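The values are calculated or read from the model by the stated rules, or taken from the named source; none is laboratory data. For clarity, every value in this text was computed on a predicted model and none was experimentally measured. Heads up, the Cβs are rebuilt from the backbone with ideal geometry, glycines too, and the neighbour counts pull from every protein chain shown. To get the accessible areas, we keep the full protein, side chains included, count just its heavy atoms, and leave off ligands, DNA and RNA. Shrake-Rupley method; radii C 1.70, N 1.55, O 1.52, S 1.80 Å.
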Amino acid sequence: MLKAVILIGGPQKGTRFRPLSFEVPKPLFPVAGVPMIQHHIEACAQVPGMQEILLIGFYQPDEPLTRFLEAAQQEFNLPVRYLQEFAPLGTGGGLYHFRDQILAGSPEAFFVLNADVCSDFPLSDMLAAHRHQPHPFLLLGTTANRTQSLNYGCIVENPQTHEVLHYVEKPSTFVSDIINCGIYLFSPEALRPLRDVFYRNQQDGQLHLYHLSPSLSMTVSALTSCLPLGEDSSGLWRGAGTIRLEQDVFSALAGQGQIYVHLTDGIWSQIKSAGSALYASRLYLGRYQLTHPEYLAKHSPGGPRIRGNVYIHPTAKVAPSAVLGPNVSIGEGVTVGEGVRLRESIVLHGATLQEHTCVLHSIVGWGSTVGRWARVEGTPNDPNPNDPRAHMDSESLFKDGKLLPAITILGCRVRIPAEVLILNSIVLPHKELSRSFTNQIIL
C-alpha cells in the first residue's frame, strides 16, 4: 500500500507568479489546459497500490480548491484530501505535523512531490529502485550545467551505489551537476529524522526563551508537558515546527547510508514564475503526444489552422481563419476571432481575442479582452537549446531598476484597445489601457 503527499505551499509563496496568483492559488494555475497539480495527481494515481493522495499547505480551503479536490477524486477514483497547516512549516514540517495521517493504514512507502515542478514523474521507476534496495530516503535527480546547478540543491553521489554522499542546497560554488528534482520516495522510517529536528528546534526555542526570561521558559516547559508534540505545542515559539527537508535533513544525513538518488533523463523544470509556466506548458503539451493525444487539437476542414501542439478547451470558440501554435493552451469559454495569430501563449478562462489580434509569448488573464489588430508580445526566456543539461533560469524581473524583457502577462479582466502594442510588460488586473506600452509594469 502506497500514499503520496503533494506540498502546495501557501499564499505568501509564489510572489514571482504574480499577478496570476492573485486570482487562483498557484497550484491550480492551468498548465497545458489543466491545473498544475493535476499532472502530479494523475502520475500518482497511475502507480499500482496507490491508496490516498494528500495535499499539504497553508492555503485557506476556499471554493476553487474544494471544487478541484472533488473533481480530482471523481476523475481518478482515489481519496484526495487537503491538510491545512496552521502556519508555514517548511518542506518537512508539514510531513511531521501530519505524520499520523500519512502513516494511517501502514503504507509501505509514500511519495513526496513539490507542487511547483513539471516532470514526467517516473514514480514507478523510483518505486522499483526502492524495492530493489530499500532505504529511508530516495531522491529524484537530474543533471544541470555547472552555472545553473548553483540555483538548485546539489547532490554528490556514489556512482556505483547511488548513495548521496554530500548534499548542498544552492551552493555558492560548483559542487555537482546532479540536482534535486523535488520529487521523493520516503519509507515510514524517514519521519524519525524529522522528529529529531523538531525536538532540536523545540530545545533551541526553550533555550532562546530562557535567555529572554527564565520564568517564561519554565512556563513553556510546563505547557509542553501537557500538549501533544507536533500539535499545538509546535506553535508556542517561532520556528519550532519548521523543518526544511533540504538543509535540516538531506544535508545532515548525507553520507550515512540513508539517502539515495535515482537519476532521470526525462522532462523536468521548476515552475517559479509565469515564464516558467509557459515553458512547462510546452513540455506537457509535447508529452500529450504519448499520454493524451486526445487532448491535442487536430487540423480539420472548416477549423482553425493548427501548428504543433495546441490544447483547446471544448467550450472555447475559435474562428476557422485563426492560426494557433505551437505551444498554445486555450481555456474554458475563450473566444478567438477571425484572423487571430496565437503562438507560445496561454489564454485563460473567459478571455476574448478580437479579430486579427496577434498574441506571442504571453499569458492572457481570465476575462481579459484584446482589441482588433492589437499585438501582445513578450520575450521568451527558454533554456539554451544547444545545451541538453540547460534549465529555465531563475528570472529576476528587474535589473538596475528597469524591467527586463520577459513574457507579457495580462492580469484578469484587462482591456486592451484596438491597434495598440503591449510588449514585454505586466498589466495588473482590472486595467483598461488606452495606448501602447513597452517594458513596463502597468499598475
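Search the range 131-142 for residues being more than 19 Å from the chain's Cα centre (by Cα) and touching a residue at least 60 places away in the same chain (Cβ under 8 Å), and hand back the single one that is surrounded by the most Cβ atoms within 10 Å (Cβ to Cβ). Give the derivation first.
Within the range 131-142, the subset more than 19 Å from the chain's Cα centre (by Cα) is 131-138.
Remaining after also requiring touching a residue at least 60 places away in the same chain (Cβ under 8 Å): 133, 135-138.
Numbers: GLN133: 11, HIS135: 19, PRO136: 21, PHE137: 23, LEU138: 26.
Only one residue fits best here, namely LEU138.
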Task: Residue pairs meeting the criteria (Cβ under 6 Å; at least 6 apart or on separate chains; first charged (D, E, K, R), in the range 319-347; second assigned to a loop (DSSP other than H, G, I, E, B)) - done: GLU332/HIS313; GLU332/THR315; GLU332/HIS349; GLU338/ALA319; GLU338/SER321; GLU338/GLU355; GLU344/ASN327
- [ ] Can you tell me which residue within the range 144-190, out of those that are touching a helix residue (DSSP H, G or I) at 6+ places or on another chain (Cβ under 8 Å) and of a type in the set (S, T, N, Q), is most open to solvent (accessible area, probe 1.4 Å)?
- [x] SER172
TODO: May I ask you to list pairs of residues, at least six apart or on different chains, whose Cβ atoms are under 8 Å apart, with the first in the range 365-376 being within 16 Å of ILE426 (Cβ to Cβ) and the second being basic (Lys, Arg) and assigned to a loop (DSSP other than H, G, I, E, B)?
DONE: GLY365/ARG413; TRP366/ARG413; SER368/ARG413
Task: Residue list for the range 143-166, restricted to those being within 14 Å of ALA254 (Cα to Cα) and under 22 Å from the mean Cα position of the chain (by Cα) - done: GLY153, CYS154, ILE155
- [ ] Name every residue in the range 343-365 that is surrounded by 23 or more Cβ atoms within 10 Å (Cβ to Cβ) and not in a strand (DSSP E or B), in order of residue number.
- [x] LEU348, ALA351, THR357, GLY365
TODO: Scan the range 368-378 residue by residue and report those that are open to solvent by less than 50 Å² (accessible area, probe 1.4 Å), outside any strand (DSSP E or B) and more than 17 Å from ARG18 (Cβ to Cβ).
DONE: GLY371, ALA374
Open item on the list: When you check PRO314 against the structure, is it free of Cβ contacts under 8 Å to residues at least 12 places away in the same chain and either assigned by the TED database to the domain that holds GLU377 or within 23 Å of CYS412 (Cα to Cα) (or both), yes or no?
Closed with: yes
TODO: Please list, ordered by first then second residue, the pairs with beta carbon atoms under 6 Å, 6 or more apart or interchain, first in the range 21-47 and without any contact (Cβ under 8 Å) to a residue 40 or more places away in the chain, second in a loop (DSSP other than H, G, I, E, B).
DONE: SER21/GLY14; ALA45/LEU78
Open item on the list: Considering only residues that are open to solvent by less than 50 Å² (accessible area, probe 1.4 Å) and either out of contact with any Asp or Glu (no Cβ under 8 Å at 6 or more places or on another chain) or not assigned by the TED database to the domain that holds GLY266 (or both), which ones fall in the range 44-63?
Closed with: CYS44, ALA45, VAL47, MET50, GLU52, ILE53, LEU54, LEU55, TYR59
Open item on the list: One residue is enough: does the range 78-98 have a residue meeting the conditions touching a residue at least 40 places away in the same chain (Cβ under 8 Å), open to solvent by 50 Å² or more (accessible area, probe 1.4 Å) and of a type in the set (A, V, I, L, M)?
Closed with: no
Task: Matching entry among VAL112, VAL24 (being surrounded by 24 or more Cβ atoms within 10 Å (Cβ to Cβ) and outside any helix (DSSP H, G or I)) - done: VAL112
Open item on the list: Condition first: crowded, with 16+ Cβ neighbours inside 10 Å and out of contact with any Asp or Glu (no Cβ under 8 Å at 6 or more places or on another chain). Now tell me which residues in the range 418-430 satisfy that.
Closed with: VAL420, SER425, ILE426, VAL427, LEU428
